[in-house]
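Novice: Sharing a structure, written as structure tokens. Questions coming.
The values are calculated or read from the model by the stated rules, or taken from the named source; none is laboratory data. Model, not experiment: these values are computed from the prediction. Cβ coordinates were reconstructed from backbone atoms using ideal geometry, including for glycine residues, and neighbour counts include every protein chain displayed. Keep in mind that these areas ignore ligands, DNA and RNA; they rest on the heavy atoms of the full protein, side chains included. Shrake-Rupley method; radii C 1.70, N 1.55, O 1.52, S 1.80 Å.
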Amino acid sequence: MNTYVGPGESARAPEGEATPAAAPVTIVDYGAGNLASVANAFRYVGAPVVVTSDPERVARAERLVLPGVGSFGRAMDRLKGMGLDEAVRDHVRSGRPFLGVCLGLQLLLSESEETGSPVAGRPDSAVAGRIPGLGLVPGVVRRLDVAPLKVPHVGWNQFWYPAPSPASIGGAPSPGPLFEGVPEGSHVYFVHSYHADPDDPAVVSAYCDYGIRFACAISRGNIHAVQFHPEKSGPVGLAILRNFSSLG
Amino acid sequence: MALAIRIIPCLDVKDGRVVKGTHFVSLRDAGDPVELAAAYSDAGADEIVFLDITASAERRATVLDVVRRTAERVFVPLTVGGGLRTVDDVRSALRAGADKVSVNSAAVRRPELVREAADAFGSQCVVVAVDARRVEQRVAPRAGARVGARWEVVIDGGRTPTGLDVLDWIERVQTLGAGEILLTSMNTDGTQAGYDNELNAAVAGVLGIPLIASGGAGSLADLYDAVTVGHADALLVASMFHYGTHTVREAKEYLAARGLPVRL
């Protein structure tokens, strides 16, 4: 278990960024991918960052971020092995703001079709068909079946907000707290071969088109998650992270 | 919806300093790779590539420091290449903050490096850079050989011919797990007279992964042709931006005005 708080971590806004002090963001360190970029991006928008693999700190974090790249199965194994699956569930149940990034979105769902090569210690996983996720958002993670388009989906693509429901008052839909001030049609950076398919379309806060129309952001209560990499998406991505860091 | 065509400035870095001329005269220090990368990113560059051309044995620590500081300030994908020879070199670069690494000569000398890096870090992190030089046909091709224009893979900055056919080599590294190909024509590189789109199109024809075209961009029309004729997914640009012939913004607006998907 380790917790890292950067030297001089405080609510300072970096040079050039006139943001007021923001509450700390806790990033889960479970060895799945380069979280330094996510940490750097939050610091850049003025949010102090804590990086930890301690389940206690994760469960009690004021704002929690679950990053991740790599395979679903390996990530779930690591989370479970470190007791972080329960810690993340506890945090989500607390109602405090949560953000999943890339694999961190997919892990929220009930299960994934990503079996690929067998996961160590589970030789039947390649034929089992599905691997269970955290189960916080009902749905399935499916492979991007978009031939002849290339997979993985890599590069800059646009996102769109869902059409307003007939019952919405006033016409224009609110883009959701993560996307405040961010126009739809903005480009963000994607790197993925699987996409989240939640059971309830009402949780989808943004779509992307790549052969198929898929959910690239979800929001339900305190749970937020994006398929793209906001820490690699220039000013648009930073705006999204800034919005998250001021959710309360 | 189509993926945006990516415009990627490439900075040659030697001993921690940028060595080509730069258009950003307003920068406090136009030779500082971090400032330059930030300026390009702010100007709309979709990614940044650092090519480390340091010759000394001390290069590793210097370029890692540059990467680290860049990753604190630049929030678009960063690729680092130049002299990366082992999986440990790749790991160090990624840990320092690079999103991708580019391997060239080392991959030709030991192709398994591509597979090892892709297995350890994911194909999306592994760009295989290929330098290609046109082959003059003096002898009739043997039966079964490719017909038409041919290119040979060269390494060590163009100094060492390998005898490898570029299409054969690219098909091989794709199988080994490369995530993208960064293809440079040694015939057009630095000329600002246009890319070798016959090469680009030939390579694009065998690729199921993205093609980043490099070498020769001098006019905005060159960029357009590399996409429409060369079938490139992304464009590496060095001289054209560094000498101020055109800006990132001009390049993107030109492509967008002609109907190509571009991030503005």
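Novice: Treating cross-link reach as a plain straight distance, find the lysines whose alpha-carbon is under 25 Å from the alpha-carbon of B:LYS14, omitting any fewer than eight places away in the same chain.
Specialist: Filter leaves B:LYS100.
Novice: Let me ask another. Skipping prolines and chain starts, which residues have an amide H placed within reach, meaning under 5 Å, of the one on A:GLY139, given they are 5 or more residues away or on another chain?
Specialist: The list, which skips near neighbours in sequence, is A:SER110, A:GLU111, A:ASP199.
Novice: What's the Kirkwood radius of the range B:63-122 in Å, using all Cα pairs? Provide the component values of the computation, followed by the final result.
Specialist: Working: mean 1/r = 0.0859 Å⁻¹.
This gives a value of 11.6 Å.
Novice: Could you tell me which of rounded, prolate or oblate describes the protein assembly as shown, using a ≥ b ≥ c as the square roots of the eigenvalues of the alpha-carbon gyration tensor, with rounded for a/c under 1.5 and, failing that, prolate when a/b is larger than b/c and oblate otherwise? Show your work: numbers first, answer last.
Specialist: Values: a/c = 1.62, a/b = 1.48, b/c = 1.09.
Taking the square roots of the gyration eigenvalues as a ≥ b ≥ c, the protein assembly as shown is prolate.
Novice: While we're on this one: Ignore the peptide's own chain and count Cβ atoms of other chains within 10 Å of each Cβ in A:147-157; give me the average, rounded.
Specialist: Details: counts 1, 1, 2, 6, 2, 6, 1, 11, 14, 12, 6.
For peptide A:147-157, the averaged partner shielding equals 6.
Novice: While we're on this one: Taking R0 as 35 Å, what FRET efficiency do you get between A:GLU184 and A:GLU113 from their Cβ-Cβ distance, rounded to the nearest 0.05? Intermediate values should be presented prior to the final figure.
Specialist: Working: r = 28 Å, r/R0 = 0.81.
The computed FRET efficiency comes out at 0.80.
Novice: Given R₀ = 60 Å, FRET efficiency for A:ASP199-B:ASP88 by Cβ-Cβ distance, to 0.05?
Specialist: Working: r = 44 Å, r/R0 = 0.74.
For R0 = 60 Å, the calculated efficiency reads 0.85.
Novice: Then there is this: For the charge dipole of the protein assembly as shown, defined by +1 on Lys and Arg C-beta atoms and -1 on Asp and Glu C-beta atoms about the Cα centroid, which residue among B:ALA30, B:LEU264, B:LEU176 has the Cα displaced farthest towards the positive pole?
Specialist: Checked the options; the winner is B:LEU176.
Novice: Also: Using the Karplus curve 6.51 cos²θ - 1.76 cosθ + 1.60 with θ = phi - 60°, what ³J(HN,Hα) values do you get for each residue of the range A:209-219, in whole Hz, with x for Gly and Pro?
Specialist: With the stated coefficients, the range A:209-219 comes to 10, 8, x, 10, 8, 10, 6, 10, 7, 10, 8 Hz.
Novice: Springs between alpha-carbon pairs under 10 angstrom, Gaussian network model over chain B: which of B:ASP222, B:ASP46, B:ASP156 fluctuates most?
Specialist: B:ASP156
Novice: Counting only protein heavy atoms and using a 1.4 Å probe, what share of the accessible area of the protein assembly as shown belongs to carbon plus sulfur, as a whole percent?
Specialist: The computed percentage sits at 52.
Novice: Roughly what would the spin-label model give for A:ILE212 and B:VAL135, points 7 Å off Cα along C-beta, in nm?
Specialist: Roughly 4.3 nm, to one decimal.
Novice: If you don't mind, another one. Per the protein assembly as shown: cysteines with no other Cys C-beta under 4.7 angstrom?
Specialist: A:CYS102, B:CYS10, B:CYS125
Novice: Let me ask something else about it. Please report the net charge: other residues with Cβ closer than 12 Å to the Cβ of A:GLY185, K and R +1, D and E -1.
Specialist: On the way: positive: B:ARG263; negative: A:GLU184, A:ASP209.
Charge balance in the 12 Å sphere: -1.
Novice: What spacing in nm lies between the two simple spin-label points modelled at A:ARG93 and B:LYS20, each 7 Å away from Cα in the Cβ direction?
Specialist: Taking the simple label geometry, A:ARG93 and B:LYS20 are separated by 5.7 nm.
Novice: Using a Gaussian network model on chain B with a 10 Å cutoff between Cα atoms, which of B:ALA39, B:ALA149, B:ALA234 fluctuates the most?
Specialist: Ranking B:ALA39, B:ALA149, B:ALA234 by mean-square fluctuation puts B:ALA149 first.
Novice: Is it possible to state the helix-based mean residue ellipticity at 222 nm for chain B, with each DSSP H run of 4+ residues giving -39500 (n - 2.57), the sum divided by total residues, to the nearest 500 deg cm²/dmol? What is it? Mind showing how you got there, number by number?
Specialist: Numbers: 10 runs with 90 residues, N = 264.
After summing the helix terms and dividing by residue count, I get -9500 deg cm²/dmol.
Novice: Among B:ARG91, B:ARG110, B:ARG68, which one shows the highest mean-square fluctuation when chain B is modelled as a Gaussian network with alpha-carbon springs under 10 Å?
Specialist: Its mean-square fluctuation being the largest, the pick is B:ARG110.
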